[in-house]
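The values are calculated or read from the model by the stated rules, or taken from the named source; none is laboratory data. Computed from a predicted model, the values in this text were never measured in an experiment. FYI the Cβ positions are ideal-geometry reconstructions off the backbone, even for glycines, and counts take in every protein chain you see. Just the protein is used for accessible areas: all its heavy atoms, side chains included, with ligands, DNA and RNA removed. Shrake-Rupley method; radii C 1.70, N 1.55, O 1.52, S 1.80 Å.
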Amino acid sequence: GIGLAMQAQEGPPRRIGILGLGCGTLAAYGRPGDTLRIYEINPLVIDIARTEFTYLRDTPARVEIALGDGRLVLESEPSQQFDLLVMDAFSGDSVPVHLITREAFGTYFRHLKPGGILAVNVTNTYLDLRPVMERAAAAFGKVAMVYDYTPEDADFLCFGCSWTLIMDGATAAAHPGLQRDGRVLRQERAFRTWTDDFSNMLGILR
C-alpha cells in the first residue's frame, strides 16, 4: 500500500509528511529532490534512529524533523501542501485515538495538496481500524482503500501488514495501479464516526 502511494506521486520533488519516525525505514522511499518532514513525539526515538540505524543518513531526500505530538504540531502549522502524508503510529498495543478522529482527519486533509494521499498503517494484532478509516473518509467525501500484505511462509524477514490509503475519488481513478491490489472500504455495519468526544475501542476488537 505505501509503495503504491509513493509510486502514484510521481516525479520529484515530492513533499512527504510522516507521523511516527520509528527507526526511519520510510526514509528509504525518499528520492533526490524530495522533502521528508517527520513528526515524532519522543526525542529518544529520534536519537536511536540517528545513532543505531542509517535510514535517515542514507536517504537522498532532505529530512526535516518536527519534535512533538504530530496532530498538535500540524494544527499549529500553515498548510504543508504534502503530496503524501503517512501515519505509522498504530502497530503497538496502545493506540493514540486522538490521531484518528474526524477532527484530526480534517487537519490532515488541510495539509494535503490537491490530489494528495493520506496513508495510514492500520496493522494491529488486536484492533481492526478499517471501520474507523472508512467512516473518516466518508465524512469528508473521500475514498478509502485497504491493502493487505501476507508474506510467504518461508519468508522470515518480512511481516504481514495492512495499509489504508485515503484520497479523492478523482485521485483514485487517475491511478489505476492503486486499484490493482487494494479494495475500496465500504460500510459493512453500523459504525459511528469517531470524534474528539466519542470513540469506542470495544467496537473494533478483533
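In the range 34-59, how many are open to solvent by less than 80 Å² (accessible area, probe 1.4 Å), of a type outside the set (D, E, K, R) and within 21 Å of the chain's Cα centre (by Cα)?
11
Given the conditions (1) open to solvent by less than 30 Å² (accessible area, probe 1.4 Å); (2) in contact with a helix residue (DSSP H, G or I) (Cβ under 8 Å, 6 or more places away or on another chain); (3) in a helix (DSSP H, G or I), and given that Met133 satisfies all but one, which numbered condition is not satisfied?
(2)
Please go through the range 23-40 and pick out each residue that is charged (D, E, K, R) and within 14 Å of Phe53 (Cβ to Cβ).
Scanning the range 23-40 gives a single hit, Glu40.
Which residue out of Thr164, Thr125, Thr150, Thr107 is farther than 20 Å from Gly24 by Cα, open to solvent by less than 30 Å² (accessible area, probe 1.4 Å), β-branched (Val, Ile, Thr) and out of contact with any Pro (no Cβ under 9 Å at 6 or more places or on another chain)?
Thr107
From Ser94, Ser79, which residue is in contact with a His (Cβ under 8 Å, 6 or more places away or on another chain), open to solvent by 20 Å² or more (accessible area, probe 1.4 Å) and more than 16 Å from Asp34 (Cβ to Cβ)?
After ruling out the rest, the residue left standing is Ser79.
Please go through the range 163-185 and give me each residue that is in a loop (DSSP other than H, G, I, E, B) and modelled with pLDDT under 95, ordered by number.
His175, Pro176, Asp181, Gly182
Kindly check whether there is at least one residue in the range 116-130 that is in contact with a Lys or Arg (Cβ under 7 Å, 6 or more places away or on another chain) and part of a strand (DSSP E or B).
yes
Looking at Leu185, Leu202, which is the one that is among the hydrophobic types (A, V, I, L, M, F, W, C), without any contact (Cβ under 8 Å) to a residue 40 or more places away in the chain and under 16 Å from Leu127 (Cβ atoms)?
It is Leu202.
Considering (1) open to solvent by 40 Å² or more (accessible area, probe 1.4 Å); (2) within 19 Å of Val184 (Cα to Cα), say which one Ala119 fails and leave the rest.
(1)
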